[in-house]
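Step one of this worksheet: look at the structure below.
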Ligand SMILES: [Zn+2]
């Protein structure tokens, strides 16, 4: 169990890394455990997710929009 303990700093790094690549099983587990136990990191995770959504939205807009406005 102690092996799965992460500091907030490590957790933040894992959350960011998770955006780019799949994490190994033990990291995913450690992440989950920390997010359950910590008050601050779930907020950070939410911010990351919001940011990712916004980015995705922006990318989709770019793909759909040919650069010509209809209005
Ligand atoms: Zn934390």
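Of note:
- Of the peptides 7-14, 39-46, the ranking by mean beta-carbon count within 10 Å, highest at the top, reads 7-14, 39-46.
- Working from Cα pairs under 8 Å separated by at least six residues, relative contact order for the chain is 31 percent.
- Value of [θ]222 nm, deg cm²/dmol, for the chain, DSSP H segments ≥ 4, -39500 (n - 2.57) each, nearest 500: -24000 deg cm²/dmol
- Taking each residue as 0.36 nm, the span from residue 61 to residue 46 lengthens on full extension beyond its C-alpha to C-alpha distance by 3.2 nm.
Coordinate-derived values only; no laboratory data. What you see is a predicted model, and the numbers here were worked out from it, not measured in a lab. Quick reminder, even Gly has a Cβ in these numbers, built from the backbone with ideal geometry, and neighbours come from all protein chains shown.
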